[in-house]
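Right, one structure below, let's go through it.
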Amino acid sequence: MVEKVFFLFILAQPLLDLATSASLYTGAHSLTFGMAIRFAAMAAGVIYIWGCPYPKKRALIMYGLILSAVIGLNITASISYKHPVNWSEEGKFIFKSCYWLVMMFTYIVVFSQLDGKTDWAKQTQQYITIAMAMIGVSILLADVTGTSLASYQYEKIGRKGWFFAGNELGAIMAIGLPVTLLVAIHPPARRPSLFYWLPAWFLIYSLLGLGTKVGYGAVLFALLAAIAAIPLEAQFQPVPSRHNWRRNWIFTISMLAAVIIYTPFSPAAQNINIHWKLLEQKEKATDHSAKKRLQENEIREEQMQHLILSGRHEYLSQQKAEFREAPLMQKWFGMGYGGNYEKTPKMIEMDFHDLFFSFGVIGFLVYIAPLLYVIASIGWKIRKNWRAAFNAEYMLIASSIILGLGIAFVAGHVLTAPAVSLYVAVLLAYLFVRSGSLVAG
């Protein structure tokens, strides 16, 4: 069955990421194995949608044609007004940016075809959890064998196992953590439940060791979401859903307490201190009055922006300036990858901002329309039967989506990174189709 292949594709993600890492570290920077497979999966998704008897297929095809036209105008704008243009990077950026859209549509159709026939929701949860366990175990093995790669090249500390991109790895694990907690809370029948807490522990260990603010924040957010979801489910759902809820709740609170106790010793906390000292040194070198302000513990807005955004606000200001000076066609349909650069393209690394400047006002509205529609549709369905949505499944899957989109807004490397965006696409499709049962119920 074709649908089974798309489930196996979820399971293959860590292997593709490791293959990509090996390819990049051996010097193959043009087309990696992982990118080739993901491009093939994207093409397979388009063919699957085209040939599948999905009721809203015509709307999906119509949107695809509109998006293709907008991308064509984006390319035309680059040809007309942008010099120089790195067409290889432009092409890869368009592919990466559109990947999650195609895969979200694909999994909406897949889940819709299976709805009412198989327990596709449990299967999706388990496949994502297995993928997360593979990532966590590989990082643990890298640490044990002393072969783990550093997350940062310079002063900051942290490790990312055998993976290439630390930011993308952190986003993947952040999105996956609430799902692993969900499987731990509601394990498959006739299986020891304690075993299913291991993937969550592996991910927490890996996220804390990564050394990023995103990784640490994701751990806190996911654990707090689980702590809120468990008692709410016990209050609003039938008796079978309340089985062992106190044990799960106490266990999750204990995990959070352990994380809080460990926080002062974590790489993320140490990296914040390192970052702060670097800012102090930079300010002392450029401002004679800095010493007095530091003695008075005065925290300036610019310092906080540096600390939270790691300097991304500087690139944002640069892109805004380029956008103001861009011709009208580029304002409507975008400046393409990296903006109107003179020598080297540089992304802001805040996905929604990068996508806006790359696709322009009209292009961005067309691009983001499916995401807004899916979120609005989920919200409308939940509003119809909100009591049924107070359970661990809906709350933790929603937490994964919130984490993914939140990271995309603040730190990037989500919607423009196929290795990460697939998980967002799958979970958006999951909640879109699954929430239909709330209205039916």
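Miscellaneous remarks
- Test: residue 377 is over 23 Å from residue 85 (Cβ atoms) and polar (S, T, N, Q): yes
- The lone exception for residue 369 - which of (1) touching a residue at least 60 places away in the same chain (Cβ under 8 Å); (2) touching a Gly at 6+ places or on another chain (Cβ under 9 Å); (3) in a helix (DSSP H, G or I); (4) surrounded by fewer than 19 Cβ atoms within 10 Å (Cβ to Cβ) it fails: (2)
Matching residues to (1) crowded, with 20+ Cβ neighbours inside 10 Å; (2) under 19 Å from residue 176 (Cα atoms):
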site: 352; (1), (2): no, no
site: 356; (1), (2): yes, no
site: 361; (1), (2): no, no
site: 385; (1), (2): no, no
site: 405; (1), (2): no, yes
site: 413; (1), (2): yes, yes
site: 418; (1), (2): yes, yes
site: 436; (1), (2): no, no
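- Residue in segment 155-178 that is closer than 20 Å to residue 253 by Cβ and touching a residue at least 40 places away in the same chain (Cβ under 8 Å) present: yes
- Among the residues making up segment 315-345, those that are within 30 Å of residue 274 (Cα to Cα) and exposed (fewer than 13 other Cβ atoms within 10 Å of the Cβ) are 317, 344.
- Exactly one residue out of 380, 386 is farther than 25 Å from residue 219 by Cα, modelled with pLDDT under 90 and hydrophobic (A, V, I, L, M, F, W, C), and it is 386.
- Residue that is farthest from residue 63 (Cα to Cα) [pool: residues in segment 97-131 that are open to solvent by 10 Å² or more (accessible area, probe 1.4 Å) and small (Gly, Ala, Ser)]: 116
- Selection of helices (runs of 4 or more DSSP H) fully inside segment 253-357 by the criterion of at least 1 residues being modelled with pLDDT under 85, under 29 Å from residue 204 (Cα atoms) and among the aliphatic types (A, V, I, L, M) returns 267-286, 301-309.
- Test for residue 425: is it under 17 Å from residue 112 (Cβ atoms) and either free of Cβ contacts under 8 Å to residues at least 24 places away in the same chain or part of a helix (DSSP H, G or I) (or both): yes
- Residue, farthest from residue 93 (Cα to Cα), within segment 43-53, restricted to residues that are open to solvent by 30 Å² or more (accessible area, probe 1.4 Å) and not β-branched (Val, Ile, Thr): 53
- Within the option set 97, 80, 23, 30, being modelled with pLDDT under 95, under 26 Å from residue 160 (Cβ atoms) and in a helix (DSSP H, G or I) holds for one residue only, 23.
- Lone qualifier among 141, 149 - being at pLDDT 95 or above, open to solvent by 30 Å² or more (accessible area, probe 1.4 Å), farther than 30 Å from residue 391 by Cβ and not polar (S, T, N, Q): 141
The values are calculated or read from the model by the stated rules, or taken from the named source; none is laboratory data. Everything quoted here is computed from the prediction, not taken from an experiment. Note that each Cβ is placed from the backbone with ideal geometry, even for glycine, and that neighbours are counted across all protein chains shown. Remember, those area values only see protein heavy atoms, side chains included, never the ligands or the DNA or RNA. Shrake-Rupley method; radii C 1.70, N 1.55, O 1.52, S 1.80 Å.
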